[in-house]
1. What's the number of the only condition in (1) free of Cβ contacts under 8 Å to residues at least 12 places away in the same chain; (2) not assigned by TED's automatic domain parsing to the domain that holds GLN472 that GLN403 fails to meet?
2. So which of PHE462, PHE467 is modelled with pLDDT of 95 or more and either more than 27 Å from the chain's Cα centre (by Cα) or among the β-branched types (Val, Ile, Thr) (or both)?
3. Give just the number: which of (1) more than 24 Å from LEU366 (Cα to Cα); (2) under 37 Å from the mean Cα position of the chain (by Cα) does TYR314 not satisfy?
4. Can we say VAL74 is farther than 30 Å from ALA434 by Cβ, of a type in the set (Val, Ile, Thr) and buried (at least 22 other Cβ atoms within 10 Å of the Cβ)?
5. Counting just the residues of region 257-284 that are polar (S, T, N, Q) and part of a loop (DSSP other than H, G, I, E, B), which one comes out nearest to ASP350 (Cα to Cα)?
6. Of the numbered conditions (1) more than 30 Å from the chain's Cα centre (by Cα); (2) farther than 30 Å from ASP80 by Cβ; (3) without any contact (Cβ under 8 Å) to a residue 40 or more places away in the chain; (4) surrounded by 13 or more Cβ atoms within 10 Å (Cβ to Cβ), THR256 fails exactly one; give the number of that condition.
7. Pairs only if they're at least six apart or on different chains, beta carbon under 8 angstrom, first in region 437-464 and surrounded by fewer than 22 Cβ atoms within 10 Å (Cβ to Cβ), second assigned to a loop (DSSP other than H, G, I, E, B) and aromatic (Phe, Trp, Tyr); list them, first residue then second.
8. From the list ALA427, ALA434, exactly one residue is within 23 Å of the chain's Cα centre (by Cα), crowded, with 16+ Cβ neighbours inside 10 Å and in contact (Cβ under 8 Å) with a residue 40 or more places away in the chain. Which is it?
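The values are calculated or read from the model by the stated rules, or taken from the named source; none is laboratory data. Note that this is a predicted model, so its numbers are computed, not measured. Virtual Cβ from ideal backbone geometry, glycine too; neighbours counted across all protein chains shown.
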Amino acid sequence: MSASDKKRQRKEAAEAQGLTQQELREQAKAKTAKRNKTIYTAVGVVCAVGAVALLVWNSHFWEKGAVAATIDGVDYKAADLQYYYSQVRNSEIQMAQYYAYYGIPATFDATVSDGEQWYSESDGKTYADYFREQALTSLQQTAVACKAAQEAGYTLSEAGEKELQENLSSFDKYAAQSNMTRGAYISYLYGGEVTEKVLTRNLRNDILADEYRQYYQDSQTYEDADLEAYYKEHADTLDSYTYRTFTVDGSVPVTTDDEGNEVEATDAEKEQAMQVAKAQADKAVKEIQEADDAEKAFIEAAPKYVAETSKDAYADESYSLREDILGSTLGSSDSAAYSWLIDSSRKAGDVTSIEVTNGYQVVLFLGRELITDPTVDIRHILIKAKTSDEDETDENGQKIPSQAELDAAKAEAEALLEEWKSGEATAESFGKLAEEHSDDPGSASSGGQYKYVTQGWAFEGFNDWCFDSSRQPGDTGLVENPQAGQQGWHIMYFEKAEEPAWKGTAISAKQSSDQTEWFNGLMEASTAGTKDGMKYVGAANTAQPTPAESAEPEASTEPEASESPEA
């Protein structure tokens with residue numbers, strides 16, 4: 001299991017709202033996302049499956065003190081491996097549920113014993129075998145990172161301690177709903193030997209491991225020459241592109257039978273519709289190529305060739321324009337045009353048509369450049385105005401807050417700013433307030449921080465505040481947000497002027513790559529092996545016989561994992 005897979009098992013589900021689409025993209029890039037650790041996988045599965053007792057384990061399936069694995073000379077008990085076994089298993093259950101929702105058959109069946117179903121029949125590997133292997137890898141990754149942190153003198157941060165307590169509090173919440181104590185609920189989820197102490201130790205180590213790897217990554221610095229070399233190798237993704245595009249519809253018009261049922265188009269009809277679309281797209285391309293002003297001709301052609309439902313939209317000449325910063329959307333929204341746009345021979349005025357799923361996309365290349373404008377690092381706290389049932393709605397059904405509600409939001413923002421000023425008044429203390437109070441899901445978990453903010457990234461008022469020529473590190477202020485669904489006030493904090501965005505992208509990419517290389521090296525130098533106690537891990541969900549009550553665990557000459565700082 002990769003480190004990213006481990007992290008995915010413990011992340012909170014992202015909230016599906018934000019300030020803007022740009023900010024939603026930033027949310028995905030945030031370096032310090034909230035992680036829900038075991039709650040995400042264990043509790044989520046139990047809540048979703050309900051009556052199916054997926055994780056009921058009995059403590060007699062392994063004997064107290066049984067050593068299940070040794071990692072770099074340190075012994076780990078079956079309970080530690082059981083913690084990770086449960087995480088991997090529950091992740092597999094969630095994936096099966098996800099597949100079922102979309103009607104996709106899953107290979108894992110939670111109602112069948114893990115040891116009685118194949119993960120890979122050709123390799124003779126059951127799901128129990130697979131879960132144990134992945135549990136050992138997960139534990140090894142955590143142990144290796146914690147050992148590196150210990151050697152560097154790095155300890156869990158205050159934020160990490162808070163995260164640990166929040167996760168434990170979540171167990172309390174679900175335990176109360178089940179009329180159980182925290183300890184009993186943990187045992188129910190993970191097994192009798194996974195006590196509160198075992199879970200807390202492993203959960204703390206997981207958080208420390210993730211935190212130290214991120215700390216190591218963020219601490220890597222580079223000279224300009226290193227970044228220039230990186231640019232030369234990755235110019236296609238660091239350059240910015242300007243182009244226009246529209247699509248000639250190649251779908252078959254919907255028809256119905258005498259009873260009003262939609263009639264599915266035949267393959268021949270679909271092919272004919274695409275041929276017609278291609279002919280129209282080729283005609284549009286020729287018109288644009290023969291014009292003295294290619295861009296003007298493109299703007300005029302777009303409303304003529306798009307589907308009837310899109311003509312009004314393309315009547316606005318800005319609708320077809322795309323300004324792609326750092327190649328951020330070329331591989332997604334206009335993936336079909338990607339290879340054509342990044343071709344080094346491309347020049348302004350080039351135009352082409354490209355087959356897409358539902359027709360032919362006409363694309364006009366306008367330019368490509370490396371944007372070297374400076375950027376800024378800022379923090380903010382969004383206080384959205386509360387709305388009520390009495391409020392009016394706009395044309396999109398969004399509530400429009402009253403002036404009184406806007407004033408209340410401003411008063412709350414002013415009070416928070418004063419609270420910050422009366423305290424430590426640092427970037428860190430501002431970040432804590434953002435975590436507690438900000439209504440922006442894209443930045444709250446990272447202390448309201450956005451790095452390498454570019455001109456035009458946000459709405460006008462926000463942008464103007466950030467790029468005021470008089471702005472100095474530590475400046476604060478309030479900015480009103482007038483955007484539909486986001487009306488309220490931003491508490492602003494200016495951290496510093498920053499490098500151009502392309503350098504920020506290059507630095508982040510190199511840091512991530514170097515951290516991966518560093519950690520892979522640690523893993524390659526690490527040794528891990530199983531001991532006799534591994535047979536007890538997941539035993540309640542395998543077809544193997546219950547071990548004899550008199551079975552003696554393999555003797556251990558190493559310190560207990562629970563006493564080891566890197567356990």
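1. For GLN403, the failing item is (2).
2. On the way: PHE462 fails: either more than 27 Å from the chain's Cα centre (by Cα) or among the β-branched types (Val, Ile, Thr) (or both).
Step by step, each of PHE462, PHE467 is checked, and only PHE467 is modelled with pLDDT of 95 or more and either more than 27 Å from the chain's Cα centre (by Cα) or among the β-branched types (Val, Ile, Thr) (or both).
3. Only one criterion in (1) more than 24 Å from LEU366 (Cα to Cα); (2) under 37 Å from the mean Cα position of the chain (by Cα) is unmet by TYR314, namely (1).
4. no
5. Ranking the candidates gives THR266 first.
6. Just one mismatch for THR256, condition (4).
7. GLN455/PHE467; ASN463/TRP457
8. Step by step, each of ALA427, ALA434 is checked, and only ALA434 is within 23 Å of the chain's Cα centre (by Cα), crowded, with 16+ Cβ neighbours inside 10 Å and in contact (Cβ under 8 Å) with a residue 40 or more places away in the chain.
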